[in-house]
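Just so it is clear, none of the values below were taken in a lab; they were calculated from the coordinates. Everything numeric here is computed off the predicted structure, so don't read it as measured data. Positions of Cβ are generated from backbone atoms using ideal geometry, with glycine treated the same way; all protein chains shown enter the neighbour counts.
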Amino acid sequence: MDAMLEEFRTAAKDVTFGVPRIPVVSTLTGRLASGDDLRTADYWVEQVRHAVRFADAVRTLESERVTTVLEVGPGAVLSALVAHSAGQPDTTVAVPAVRGGRPEPEALVSALGTLHFRGVAVDWPGFFSATGARRVDLPTYAFQRQPYWLRPDIPDPAPAENSLFRVEWTPATPSAPERPPHWAVLVPAEWSTEALPAAERFARIADIADAVASGTRIDAVLVPFPARLPSEHSVDGPHRALVLAREWLAEERLADVRLVVLTSGAVAVSEGDDVPDLGAAAAWGLLRSAQSEAPGRIVLVDAPSVTDAWLAAVAVGEEPRTAVREDQLLLPRLTAVPENGSAGTGPQTGDDDAVTPPGAVWGSDGTVLITGGTGALGGVFARHLVAEHGVRHLLLVSRRGEQADGAGALAAELTGLGATVTVESCDVSDRQALASVLARIPGERPLTGIVHTAGVLDNGLLPAQSAERLESVLRPMAEAAWHLHELTRELDLRAFVLFSSTAGVFGAPGQSNYAAAGAFLDALAQHRAARGLPATSLAWGVWRGRGINADLTDQDLSRLARDGFRPVMEAEGRALFDRGVASGFPALVASPLAATAAVSGIRAEGVPRDTSTEAAGAPSLTERLAELSEAQQERYLLDLITTLVAAVLGHASPAGIAPDRPFRELGFDSLTGVELRNRLDAATGVRLPATLVFDHPTPAALAAYVRAEAAPGAMDAVRSVHDELDRIEASLGEIPDDDEARSGISVRLQTLLAKMVASEDPTPREDRIAAASTDEIFAFIDTQLGRAAG
């Protein structure tokens with residue numbers, strides 16, 4: 001051991017990591033090692049007997065000005081622990097040399113690149129020796145004022161106190177429509193409704209489309225979403241919604257007809273309200289995503305009963321989601337939860353509306369169950385509960401259990417922090433298997449808390465979604481949460497925390513199944529809270545480098561940033577978790593949002609709506625194109641489309657967008673295609689299909705398509721000239737009495753007249769001069785030489 005230590009110390013003298021040497025820190029004392037530390041058997045015996053002071057060791061390294069730590073080992077467990085323990089998490093960074101689930105060469109090169117970026121000296125010549133690699137010059141662009149390489153435009157996250165929100169339903173006064181819409185009612189055979197008794201009933205969407213195609217006027221279609229029957233499964237609602245949304249959006253003949261989906265009991269509009277129909281709540285989540293994929297085509301309204309007047313106001317209004325209670329229209333608005341904000345009710349709130357300290361919620365005597373416990377976020381919060389809240393008994397449940405990557409190291413780390421850890425393999429969507437796991441919890445440390453982090457992604461736009469893909473996401477999130485609720489509602493739990501998603505609150509293109517599951521979790525928390533049971537559902541945004549969205553591309557992150565969604569940093573996420581649980585509110589949004597966040601259907605209170613594209617009296621695209629020639633129309637639309645393409649791709653300008661380059665080569669996928677379609681919809685007012693960039697694969701082809709859809713018919717040239725002459729005649733009286741100004745205008749008018757006369761007479765100019773009279777010749781000289789007529 002002495003020889004090994006001396007070899008290490010000798011090597012350390014020659015390596016610089018931002019400081020003159022590598023400090024050697026003892027995790028037994030948490031201080032710098034000195035003398036015979038690390039050299040004796042007694043030291044290592046004490047190391048085994050006592051707690052590992054890893055956090056103190058990290059803080060000591062920070063005091064020695066070490067801001068970059070390299071983990072040399074088989075995984076990234078210690079790197080995660082460094083991030084958790086650092087006193088300056090925004091400055092101190094741990095870099096794992098190897099990551100589980102990634103090829104070792106790729107992980108090592110990534111680690112070296114990160115070290116180099118942070119100013120650590122890397123022996124690149126030694127690294128590239130014998131590889132044939134050589135230096136090359138970068139492209140020359142000395143006079144360009146923008147970087148050649150694209151970087152994701154990701155703003156820094158907001159402080160945690162600006163990242164916790166809740167949805168409030170606020171009263172609004174609806175505007176009466178100028179003319180009542182012509183309704184139809186879609187009532188499949190197994191559904192029933194008493195609404196709009198005078199409207200014609202249809203059993204199929206195709207029948208409505210046939211009626212519209214034959215000339216029947218239908219402005220809006222009401223779908224009374226059926227209440228869940230006692231014998232039905234609680235997640236049947238989103239399956240019905242998926243069939244409805246797919247069929248409706250696929251029917252282009254109904255592109256200008258609004259679908260109004262009427263539910264009852266799908267949303268809670270005030271604190272303490274129950275959500276009796278969890279299936280309809282999940283359907284709302286799925287349909288929110290449908291709204292984001294096809295803006296303006298679907299409207300959601302939740303009401304126990306409505307009048308024809310209410311339905312008419314909702315159908316023609318601009319709000320995609322509304323609720324009606326006691327003859328009052330309510331709209332969802334996002335409200336920030338202040339640092340000391342509390343619901344003032346519920347089991348997690350103390351006297352005088354004070355927020356319960358997080359430690360008092362969790363305690364050290366009982367067992368806390370974490371589903372998805374061996375996953376990235378499960379590990380983050382397992383460490384957090386043990387290190388920060390004194391939890392001493394953890395039950396980590398996941399499908400692979402102890403076989404999951406990093407499970408053993410995580411359990412050892414938590415044990416080193418003073419906790420007893422049990423890792424179980426269980427499919428939490430299997431009620432019987434979950435019940436068996438719960439039954440094995442020892443009576444001397446009963447279950448007192450649940451953190452449900454389990455979840456999966458299976459993204460795809462609605463046309464690509466299926467019942468199987470929907471079920472694959474609902475099972476581990478929604479169905480598992482329902483089993484946890486039913487199997488533990490008689491227990492004395494202190495906390496029941498569900499990890500939901502902003503997709504369920506706002507909707508997200510390509511995430512209709514994930515949005516349905518998230519909305520179910522939010523509704524379940526409200527359902528429990530209404531019954532006096534502990535419940536907190538946190539609708540998380542994207543975590544930076546964590547969770548099931550950890551592999552998002554720079555393009556994905558740039559798109560989220562443009563919409564105002566900033567990634568959640570780990571330290572911030574832990575703080576939001578504590579605030580959310582302590583607040584007493586059952587359903588919260590935990591995501592840094594910019595004030596201008598593009599959250600469909602829900603706006604932040606106090607943030608004015610951007611009406612720049614909705615100015616009163618603004619000309620339509622057809623009216624704008626009517627003022628342009630055909631060539632100008634093509635140029636105008638191509639400029640518009642390339643500008644929007646550049647915005648979607650995160651380019652600084654449209655200069656690099658070649659009109660004939662395919663969208664796929666430019667980097668478009670299904671989600672960016674939807675974003676471009678939505679932006680183009682908003683800019684032009686033209687209803688465009690979701691498959692726009694695939695049906696018209698280049699900017700030039702897309703411009704031609706939009707022009708064919710929006711441009712007016714062939715212009716009446718005679719009418720146009722007369723209109724211009726009328727305008728000129730009306731302005732002649734405003735010309736000043738200035739001989740030179742009037743003379744110049746006279747010359748222009750006579751020149752135009754001469755051109756018109758010349759174009760009417762096919763006789764060659766020489767023949768016309770020979771046959772002309774003296775007066776005609778002098779008139780011709782006047783016009784050609786620019787002399788004004790007397």
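At-a-glance table
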| item | result |
| --- | --- |
| Long-range HN-HN contacts of T68 with modeled amide H, under 5 Å | V93 |
| Distance from the range 456-529 to the range 627-684 (C-alpha centre basis), Å | 36 Å |
| Gained length - Q328 relative to D36, 0.36 nm times residue gap less alpha-carbon distance | 97.4 nm |
| Per principal axis, descending, Cα span of the range 165-336 in whole Å | 49, 41, 30 |
| Placed amide H near D302: partners under 5 Å, 5+ positions off or other chain | T263, T322, A323, V324 |
| Per-residue ³J(HN,Hα) for the range 585-591, Karplus 6.51 cos²θ - 1.76 cosθ + 1.60, θ = phi - 60°, Hz, x for Gly and Pro | 6, x, 9, 9, 9, 10, 7 |
| Estimated FRET transfer efficiency (E402, W44; beta-carbon r; R0 30 Å; 0.05) | 0.65 |
| At 1.306 mPa s and 10 °C, Stokes diffusion of the range 241-306 via Kirkwood alpha-carbon radius, µm² per second | 126 µm²/s |
| In sequence order, calculated HN-Hα J values of the range 493-509 (Karplus, 6.51, -1.76, 1.60; Hz; x Gly/Pro) | 7, 9, 8, 9, 10, 10, 9, 9, 8, 4, 4, x, 8, 9, x, 8, x |
| Sorted peptide list for 688-694, 448-454, criterion being average Cβ within 10 angstrom, highest first | 448-454, 688-694 |
| Centroid-to-centroid separation of the range 686-713 and the range 413-447 [C-alpha atoms, Å] | 56 Å |
| Nearest-0.05 FRET efficiency for S472 and A51, computed from C-beta distance (R0 30 Å) | 0.10 |
| Relative contact order (%) - criterion: Cα under 8 Å, at least six apart; region: the range 403-478 | 24 percent |
| Amide proton proximity set for L222, modelled H, under 5 Å, gap of 5+ | A184, V185, L186, V260 |
| Over the range 364-500 - Rg/Rh using Cα atoms and the Kirkwood inverse-distance radius | 0.99 |
| Gyration tensor verdict on the range 623-710 (Cα atoms; rounded if a/c is under 1.5, prolate if a/b is larger than b/c, oblate otherwise) | prolate |
| Pair D492, F117: separation of 7 Å Cα→Cβ label points (nm) | 5.0 nm |
| Only Lys, Arg (+1) and Asp, Glu (-1) charged, at Cβ; the range 253-336 dipole about Cα centre in debye | 380 debye |
| Highest to lowest packing among 653-661, 57-65, scored as the average C-beta count within 10 Å | 57-65, 653-661 |
| Radius 14 Å from Cβ of A195, net charge of other residues (Lys, Arg +1; Asp, Glu -1) | -3 |
| Calculated from backbone phi, Karplus (6.51, -1.76, 1.60) coupling profile of the range 261-269 in Hz, x at Gly/Pro | 9, 9, 10, 9, x, 8, 9, 9, 9 |
| Linear extension gain, L628 paired with E444, 0.36 nm per residue minus alpha-carbon span | 58.1 nm |
